[in-house]
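Novice: After the structure tokens below, expect a handful of questions from me.
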Amino acid sequence: MSYKAAFVAVLKPADDIRLFHKIALTFAEQGFEIHSIGYQSDLSRQKVENNIYLYPVFNFSRKDFKRLWAGWVILKYLCKIKPQVIVCGAVEILLFCVLYKFFQRLQGNKLHLIYDVQENYFLNVLYTQTYQRLSFFRYVLAYAIRWIEKICALAVDSFFLAEKCYEQELSFVRKSGLVLENKCLKPNTAKIESKNVVFLLSGTLAPEYGLWKAIDFAKNMYQKNPEIILKIVGKCSRKNVFEQLLKLKSQYSFLQMEVSTSPVSYEILEQNFAKSTCWLMPYELNKAYRNRIPTKFYEAMAWQKWIIVQKNPAWENFFKEFKYPKVIWVDFEKPQIWQEIDFTKFSSESNYQNSEIFWDTEKEKLIHYLLKLKTKLKNQYQM
């Protein structure tokens, strides 16, 4: 029997790199029929290949009131698809997945619900700048989210955790939590040499991820070497920040951008990975992600790129553990020491090899889990 698995998100594209390319495609390899529901993407076809279907149905901003209806849209699609497994990748639709499971149980149908915890939403709301201007609302929202997670956890069968630190940070995760870290897929594009030193800032673009610090850093480096380029690539969901970026682009000749208010495809990211010299990671240190390991750490190592990163004990221990030689530690709060960076370092090559940085190591854990899940489903449907 072929079992249907639905992968549901709201602000992540239907072909999201984690939920679809890593987790869902591993399910597909194990014989599951895949239905991925999420944000609009560049895909033109709903059916990608046999037994894999994409539903890029959402198209709104992070603060858009349309998000309030996303759960009902998900519920409608779940009723149509009738999956035996749901992997929920967004907290705002977790309650609707639990409701669907409850209704299925009333009809005598079994359903396995998995919550893929990609963020510590409680800390994100409290300590990042997304809701900074709404102080009281921020606290209400954060505790409401944690309450929803704790209540819904009673109906969740398994948890996938994107970070090891979530085992300690999230009290609602029971013993059924499986850590599937955000390790990277193996690069599909060859490196492209550039005569310029190309600094890359990619991914989610926001002040708390060091956006303005990266630009200040590039200004400083431009005075030292007028041939440098700062390439900014990724999603900027805040309208005011996006508009500021566009203004800055016209002011500085060293600034190049591929920025959108919607998710940028991974193919575009990979093209820029290939052309880059050094990756900037000027994250602010706050409680929301000081213990998290950004996917970009693994990607930079896979591409064997230089990394300029903010000092942080958890990250220093990470690179020490992986013995990666191309890391430059910088305190992005102290511009006066940036001039100490030696540009001649960037021309040195290394042949770093470490299989532990790739998704394959996490995939093995997921396959082991799926073999048990298939046995469980088979027993349930034979009863």
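Quick note: the coordinates plus some simple rules give every number you see, no bench work behind them. Everything numeric here is computed off the predicted structure, so don't read it as measured data. Cβ atoms come from the backbone with ideal geometry, glycine included; neighbour counts cover every protein chain shown.
Novice: What is segment 130-252 by shape, rounded, prolate or oblate, if you read a ≥ b ≥ c off the alpha carbon gyration tensor as root eigenvalues and call it rounded for a/c under 1.5, prolate for a/b larger than b/c, and oblate otherwise?
Specialist: Verdict is oblate for segment 130-252.
Novice: Write down, largest first, the equivalent ellipsoid semi-axes of segment 198-357 in whole Å, where each equals the square root of 5 times an eigenvalue of the alpha-carbon gyration tensor.
Specialist: Working from the Cα gyration tensor, I get semi-axes of 23, 18, 17 Å.
Novice: Separate question: Restricting to bridges with both residues inside the chain, how much of the DSSP beta-bridge set is antiparallel, in percent to the nearest 5? Please list the in-between numbers first.
Specialist: Working: 2 of 53 bridges.
Given both bridge residues lie in the chain, the antiparallel proportion sits at roughly 5 percent.
Novice: Once both axes come from the Cα atoms, what is the angle between helix 359-382 and the longest principal axis of the chain, in degrees from 0 to 90, rounded to 10?
Specialist: 10 degrees
Novice: Additional query: Taking the mean number of other Cβ atoms within 10 Å as a proxy for protection, how do you rank 82-94, 368-380, 20-32 from highest to lowest? Don't skip to the end; give the middle numbers.
Specialist: Numbers: 82-94: 22.8, 368-380: 14.0, 20-32: 19.2.
In descending order of packing, they fall as 82-94, 20-32, 368-380.
Novice: May I pose another question? Report, to the nearest 10°, how far helix 313-322 tilts away from the longest principal axis of the Cα atoms in the chain, using its own Cα long axis and a range of 0 to 90°.
Specialist: That works out to roughly 90 degrees.
Novice: What is the packing order of peptides 317-325, 150-158, taking the mean over residues of other C-beta atoms within 10 Å and listing the highest first?
Specialist: With the highest mean Cβ count within 10 Å placed first, the list reads 150-158, 317-325.
Novice: Next question. Please determine, in degrees from 0 to 90 and to the nearest 10, the orientation of helix 211-224 with respect to the longest principal axis defined by the Cα atoms of the chain, where the helix direction is its Cα long axis.
Specialist: In the chain, helix 211-224 runs at an angle near 20 degrees to the longest axis.
Novice: Another one. What list of ³J(HN,Hα) couplings, whole Hz, do you get for segment 20-25 from phi and the Karplus terms 6.51, -1.76, 1.60, once you set θ to phi - 60° and write x for glycine and proline?
Specialist: Coupling constants for segment 20-25: 9, 5, 9, 7, 4, 5 Hz.
Novice: Let me ask something else about it. Go ahead and estimate [θ] at 222 nm for the chain from helices alone: -39,500 (n - 2.57) per DSSP H run with n ≥ 4, summed, over the residue count, rounded to 500. Intermediate values should be presented prior to the final figure.
Specialist: Numbers: 12 runs with 139 residues, N = 383.
That calculation yields -11000 deg cm²/dmol at 222 nm.
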